[in-house]
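Written out below as structure tokens is the structure these notes cover.
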Amino acid sequence: MPPSELEQFVVGLGQPRFRAKQVQEWLYRGAPDFSVMKNLPESLRRDLGRAAQTLPCTIEQKLESLDRQTTKFLLRTTDTNQQHDIIETVLMRTSYGNSVCVSSQAGCAMGCKFCASTLLGLKRNLTANEMLAQVLAAQWELRTRLAPHDAHKVRANGDPNNNDVSHIVVMGTGEPLQNTENLRGFLGTANAKLGISWRRMTVSTCGIVPGINELTEWARPVNLAISLHAPNDELRGELMPINKRYPIADVLDAAFAHSERTGRQLMIEYILLDFPTPNRGTGGGNYAPEHAEQLSALLKDKSVMVNLIPWNAVAERGDLSAPSNNAVHRFQDILKENGIHTRIRRERGADIGSACGQLRLNPQPL
Ligand code: SAH
């Protein structure tokens, strides 16, 4: 509810206006229900609990990784036809802050061959509030459940806001640039109400060119990440059907324009992956030395960072596999020799199915 509506609602329950403000403060802290709103009279908490809920979804399950740095939330959503779905969100406690990986759609229509998110197809777009709720669920978890030794670790790295979400990556299930209006609404609220800086937000896309252009025109200094995964159209077309609509040259042109307009460095995501049948001229993978050379040529002299992601296991994609560590480093070395800034992405929470490409619609609760 926008503030004015919330005020009317609270007044309608026979309460003074200022109570609305108190309720709203709790909402933006991520309160899972009204019982925790201790500065409200008990009768009001009860009335609110009967009439409303604090988030547009409920927390069905929380899974904690063995290293205790990653938490996955299974959130139960309800659509306009009262149909329920489970969507997934991941909170990562890192040395640079607390990052939430947000899903932008229930399911995904993109059909990328290597990804779990697309297995059930697209159910629907998530609303701005459903995206915000994912951040709020993580925020509440951090403030109420963060183990003391973890808190100490984050503080030691100099982040005074160790109990706050500091970064948002829209890298969960779905294609955010197919849902741009809600995406902008969500990021705008996260900036205005949660105080998360634009520069600490990253939107990842498989390469929807009109959506990239829309972000560029929006002109907020959010980071853009492109899921590239192959350095030529033939290979990319086999892995990612969207490439037939928007080929590499068009995607990169749009992405470079975003980077120039916003002054933000472009992130290129590149999975390293083995596939079964040797594809014409590709030798069954996307990480041969010639691929590294082709990738370097595409990105030459641009402000980019290549994030290399060894493929994470997806049960239904048993025909795929990740290359050896050696192969990953060999690929990275060629990029480096060509002057391309590159990092290998640390996999987070593979034991709870929360690593890149493992998030899905309607998972079986454990
Ligand atoms: N649809 C958007 C947002 C998803 S981001 C996009 O495509 O960018 C999730 C990232 O993880 C993408 O780069 C995606 O290509 C990558 N990914 C998908 N499956 C993966 C897997 N099994 N292992 C590693 N990364 C994967």
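The values are calculated or read from the model by the stated rules, or taken from the named source; none is laboratory data. Keep in mind that what you see is a predicted model, and the values were worked out from it rather than measured. FYI the Cβ positions are ideal-geometry reconstructions off the backbone, even for glycines, and counts take in every protein chain you see.
For the reader, a short list of remarks on this structure follows.
- Applying the condition of being in a helix (DSSP H, G or I) and hydroxyl-bearing (Ser, Thr, Tyr) to the stretch 167-191 and asking which residue is farthest from the ligand (Cβ to nearest atom) yields Thr189.
- Residue check, Ser103 in contact with a strand residue (DSSP E or B) (Cβ under 7 Å, 6 or more places away or on another chain) and either without any contact (Cβ under 8 Å) to a residue 40 or more places away in the chain or not in a strand (DSSP E or B) (or both): yes
Per-residue answers, yes or no, for (1) away from the ligand (no atom under 16 Å from the Cβ); (2) closer than 16 Å to Arg360 by Cβ; (3) of a type in the set (Lys, Arg):
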position: Arg50; (1), (2), (3): yes, no, yes
position: Asp79; (1), (2), (3): yes, no, no
position: His84; (1), (2), (3): yes, yes, no
position: Gly97; (1), (2), (3): yes, no, no
position: Leu136; (1), (2), (3): yes, no, no
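- Annotation: of all residues in the stretch 307-344 being surrounded by fewer than 17 Cβ atoms within 10 Å (Cβ to Cβ), of a type in the set (D, E, K, R) and within 15 Å of Cys115 (Cβ to Cβ), the one that is farthest from the ligand (Cβ to nearest atom) is Asp319.
- Among the conditions (1) in contact (Cβ under 8 Å) with a residue 24 or more places away in the chain; (2) over 22 Å from Leu215 (Cα atoms); (3) touching a Phe, Trp or Tyr at 6+ places or on another chain (Cβ under 8 Å), the only one that Glu293 does not satisfy is (3).
- Filtered by the rule that a residue be among the small types (Gly, Ala, Ser) and without any contact (Cβ under 8 Å) to a residue 12 or more places away in the chain, the stretch 316-329 gives Gly318, Ser324.
- Those residues of the stretch 14-49 which are surrounded by 14 or more Cβ atoms within 10 Å (Cβ to Cβ) and of a type in the set (A, V, I, L, M, F, W, C), in sequence order: Ala20, Val23, Trp26, Leu27, Ala31, Phe34, Val36, Met37, Leu40, Leu44, Leu48
- Residue that is surrounded by the most Cβ atoms within 10 Å (Cβ to Cβ) [pool: residues in the stretch 104-118 that are small (Gly, Ala, Ser) and within 9 Å of the ligand (Cβ to nearest atom)]: Ser104
- Those helices (runs of 4 or more DSSP H) of the stretch 219-315 in which 3 or more residues are in contact with a Gly (Cβ under 7 Å, 6 or more places away or on another chain) and of a type in the set (Ser, Thr, Tyr) are absent.
- Look at the stretch 262-289: where a residue is buried (at least 17 other Cβ atoms within 10 Å of the Cβ) and among the polar types (S, T, N, Q) and a partner is modelled with pLDDT under 90 and not in a strand (DSSP E or B), sitting 6+ places away or on another chain with Cβ atoms under 9 Å, you get Thr282/Phe275; Asn286/Phe275.
- Annotation: Leu272 fulfils all but one of (1) away from the ligand (no atom under 13 Å from the Cβ); (2) within 21 Å of His341 (Cβ to Cβ); (3) not small (Gly, Ala, Ser); the unmet one is (1).
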